[in-house]
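Everything on this sheet refers to the single structure shown next.
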Amino acid sequence: MIIDGKMISQSLKDAMKIEVDALAEQYGRRPCLMVIIVGDNPASRSYVRGKIKATEYCGFDGHLVELPEDVSEATLLAEIDKLNNDPLVDGILVQLPLPKHISEDKVIAAISAEKDVDGFHPENVARLWLNQHCILPCTPKGIIELLDQAGVEMAGKKAVVIGRSNIVGKPVAKLLLDRNATVTIAHSRTKDLAAVCREADILVAAVGRAKMVTAEYVKPGAAVIDVGINRTEDGKLVGDVDYEAVLPVAGAITPVPGGVGPMTITMLMRNTIECFLNRMNNK
Ligand code: NDP
């Protein structure tokens with residue numbers, strides 16, 4: 001079974017569009033997401049375009065704040081502070097990576113935790129690991145949603161996550177654990193990675209190496225979630241999974257493009273609605 005992230009994502013956005021119209025009626029305004037981009041990195045520009053398009057599609061307020069590559073850290077922090085204090089702004093996202101002269105840690109921590117739609121703020125990260133109410137990071141949240149929509153049972157299953165980054169690997173592992181999977185986190189020092197992965201009923205690859213997960217990594221019938229985004233030499237977008245080789249072995253698989261990627265943006269929209277509702281109901 002191919003898990004069609006694009007289609008699932010579209011139906012979730014259609015439902016949110018209707019929900020947002022109802023929220024506007026009920027609360028007298030729409031959820032508002034502000035996206036900040038620094039500089040002209042083409043990949044960042046492309047991601048931001050997708051986020052703004054989804055924002056418009058779902059009927060949110062908000063817009064893009066564009067700052068030059070050489071903007072000072074102080075100016076960026078002041079811009080974030082302004083948005084933190086704006087009662088009409090529900091979500092703030094600063095597109096990463098940032099230029100080297102700006103501390104990403106400082107910027108992430110500067111965004112008010114209640115408006116942190118990316119779920120990267122240390123307070124939200126800590127709350128996730130403490131099982132407290134928090135804003136979940138978008139990609140991990142989208143992966144769990146994909147597994148749910150595909151009817152993949154997580155409880156009691158063995159899951160292997162390849163990758164231990166703070167934004168994907170570790171939070172995905174935590175969310176799978178919360179769904180009662182038994183989770184192994186693999187990484188660059190894992191010995192005999194293929195054998196470790198072959199144990200998995202659910203295999204999540206979040207590495208950033210084109211086609212490294214071959215058929216020998218996959219237990220027959222396993223659900224394979226490909227988070228990787230890589231470009232081949234001829235510019236083609238591919239994941240971490242050798243899709244053609246793994247497709248006949250896997251029970252379910254996400255394609256790249258059209259799998260996890262669209263879900264990440266859709267969960268960003270979901271988080272914006274959640275931030276809006278938290279703020280409106282806490283007033
Ligand atoms: P990082 O570079 O932060 O982490 C990569 C992880 O892969 C590290 O934990 C690293 O191990 C591990 N790794 C590297 N080489 C190997 C190897 N040979 N064998 C086993 N493990 C290895 O990447 P991110 O987590 O930020 O992103 C991972 C991928 O997901 C990227 O392609 C990125 O573009 C994509 N991505 C996609 C998103 C989407 O929406 N679809 C969103 C975010 C990311 P170690 O810790 O030991 O170094």
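The values are calculated or read from the model by the stated rules, or taken from the named source; none is laboratory data. The model shown is predicted, which means the values in this text are computed figures rather than measured ones. Cβ: placed from backbone, ideal geometry, glycine included. Neighbour counts: every protein chain shown. We work out accessible area using only protein heavy atoms, side chains counted, and drop any ligands, DNA or RNA first. Shrake-Rupley method; radii C 1.70, N 1.55, O 1.52, S 1.80 Å.
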Checklist outcome for this item: Restricting to lysines and to Cα separations under 17 Å from residue 157, and discarding same-chain partners fewer than 8 apart, the set is 174, 219
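Classify the stretch 138-261 as rounded, prolate or oblate, taking a ≥ b ≥ c as the square roots of the eigenvalues of its Cα gyration tensor: rounded when a/c is under 1.5, otherwise prolate if a/b is larger than b/c and oblate if not. Before the final figure, lay out the partial values.
Working: a/c = 1.33, a/b = 1.28, b/c = 1.04.
Verdict is rounded for the stretch 138-261.
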Next on the checklist: Largest first, please: the extent of the C-alpha atoms of the chain along each principal axis, to the nearest Å.
Outcome noted: 52, 42, 37
Checklist entry - When the accessible area of the chain is split by element with a 1.4 Å probe, what percent falls to carbon and sulfur? => result 53 percent
Checklist outcome for this item: Over the stretch 138-261, with neighbouring protein chains present, the accessible area per residue in Å² at probe 1.4 Å is 45 Å²
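Looking at the stretch 163-224, which trypsin sites (Lys or Arg not before Pro) are in a loop (DSSP not H, G, I, E or B) and have at most 11 other Cβ atoms within 10 Å?
Details: sites: 164, 174, 179, 189, 191, 198, 209, 211; in loops: 164, 179, 189, 191, 209, 211.
Sites meeting the loop and neighbour criteria: 189, 191.
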Next on the checklist: Quick check: from the Cα gyration tensor, does the stretch 27-114 come out rounded (a/c under 1.5), prolate or oblate?
Outcome noted: oblate
Checklist entry - What whole number of Å gives the distance from the Cα centroid of the stretch 225-258 to the Cα centroid of the stretch 1-74? => result 25 Å
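At most 12 other C-beta atoms within 10 Å and a DSSP loop state: those are the exposed GluC sites (Glu not before Pro) I care about. Give me the longest piece of the chain that has none.
Values: sites that count: 69, 233.
The longest such stretch corresponds to 70-232.
In deg cm²/dmol and to the nearest 500, what is the mean residue ellipticity at 222 nm of the chain if only DSSP H runs of at least 4 residues count, each as -39500 (n - 2.57), divided by the residue total? Let's see the in-between values first.
Values: 10 runs with 120 residues, N = 283.
Result for the chain: -13000 deg cm²/dmol, rounded to the nearest 500.
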Checklist entry - In degrees from 0 to 90, rounded to the nearest 10, what is the angle of the helix 5-27 Cα long axis to the longest principal axis of the chain? => result 30 degrees
Item to check | Bridge type composition, the chain - antiparallel percent by DSSP, nearest 5 | outcome: 5 percent
Item to check | Members of 115/170; 51/141; 82/115; 191/211; 6/100 lying beyond 24 Å, as alpha-carbon distances in this model show | outcome: 6/100
Item to check | the stretch 110-187 - Rg and Dmax from Cα coordinates, angstrom | outcome: 12.5, 39
Checklist entry - How large is the charge dipole for the chain, taken about the Cα centre, if only the Cβ atoms of Lys, Arg (+1) and Asp, Glu (-1) carry charge, to the nearest 20 debye? => result 540 debye
Checklist outcome for this item: The computed P(r) of the stretch 1-62 puts the percent of Cα pairs beyond 16 Å at 55 percent
